Amino acid sequence: MALMSTRLPVALRGYDRTQVDGLLERISGALNGGPPMSADEVRTARFDVVLRGYDRRAVDDLVRECIRELETKAPIAERPGRPRANPAWLINWIQNARFSGSGMHSGYDVRDVDAFLDRVVAGLRGSAPPVSARDVRESAFRVVRLGPGYDEQEVDRFLTQLAGAIEGR
């Protein structure tokens, strides 16, 4: 990520250019082996709004991208529940998952499985606490004998793959 070569647009009223450049320089250094910087430090950064400053939306977008990059570079112990795989890809994969019905056999309750996968997606989007690989492995669903149910083996295989993707294996 070449932060220092990024040209940000200037707006009539925008973020203080010196403050933004200073933060981007620190982030760039952290990403290139310099003094470490956490994603939380970047999240707490605030900029003064001044005349002829950097466009606020462009800076906010770049800062969000920097946070994602710092999170992927952080040691695994510092990112509990954070997926190493691209969250957008994981969300798409989860939302497109289809399981066979259990037919005349017992199966996992459709509502339980769908609710759990919705929780995983919300965690990946950041609108809910992240779901860890351990949470996926330890998930349990009601078994239905009659009524809508998913094939248990298919769901179990999918959850094993999902846990691995969240761990980044």
Scalar couplings 3J(HN,Hα) for segment 124-135 by Karplus 6.51 cos²θ - 1.76 cosθ + 1.60 (θ = phi - 60°), nearest whole Hz, x for Gly and Pro, are 5, 7, x, 8, 8, x, x, 9, 7, 4, 5, 4
I need to check one value: relative contact order of the chain, counting alpha carbon pairs closer than 8 Å and at least 6 residues apart, in percent. 22 percent
Amide H proximity to Phe99 below 5 Å, modelled H, separation 5+ or other chain, gives none
Sum up the charges of everything whose Cβ sits under 13 Å from the Cβ of Tyr108, counting Lys and Arg as +1 and Asp and Glu as -1, but leave Tyr108 out. -3
As a test of the formula, what do you get for the chain when each DSSP H run with n ≥ 4 contributes -39,500 (n - 2.57) and the sum is divided by the residue count, at 222 nm and rounded to the nearest 500 deg cm²/dmol? -15500 deg cm²/dmol
Each label sits 7 Å from Cα toward the beta-carbon; between Ala128 and Asp151 the label points are separated, in nm, by 2.6 nm
Answer in debye to the nearest 20: the dipole magnitude of the chain about its Cα centre, from +1 Lys/Arg and -1 Asp/Glu charges placed on Cβ, is 300 debye
Residue by residue through segment 95-100, the couplings from Karplus 6.51 cos²θ - 1.76 cosθ + 1.60 with θ = phi - 60°, in Hz, x for Gly and Pro, are 5, 9, 5, 10, 10, 5
How high is the relative contact order of segment 106-169? Use alpha-carbon pairs under 8 Å, at least six apart in sequence, and give a whole percent. 46 percent
The extension gain from Thr44 to Lys73, computed as 0.36 nm times the residue separation minus the Cα-Cα distance, is 8.6 nm
Using the count of nearby Cβ atoms within 10 Å as a rough guide to exposure, how do Ser28, Ser102, Ser127 rank from fewest to most? Ser127, Ser28, Ser102
Can you pull out the trypsin sites (Lys or Arg not before Pro) in segment 1-66 whose DSSP state is coil and whose Cβ has at most 16 other Cβ atoms within 10 Å? Arg7, Arg46
For segment 33-44, take each phi angle, set θ = phi - 60°, evaluate the Karplus expression 6.51 cos²θ - 1.76 cosθ + 1.60, and give the result in whole Hz per residue in order, putting x for glycine and proline. x, x, x, x, 9, 8, 4, 5, 4, 5, 4, 8
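No lab work stands behind these numbers, since they all come straight from the coordinates. Because the structure is predicted, anything quoted here is derived from the model rather than measured. Glycine gets a Cβ as well: all are built from the backbone with ideal geometry, and neighbour counts include every protein chain shown.
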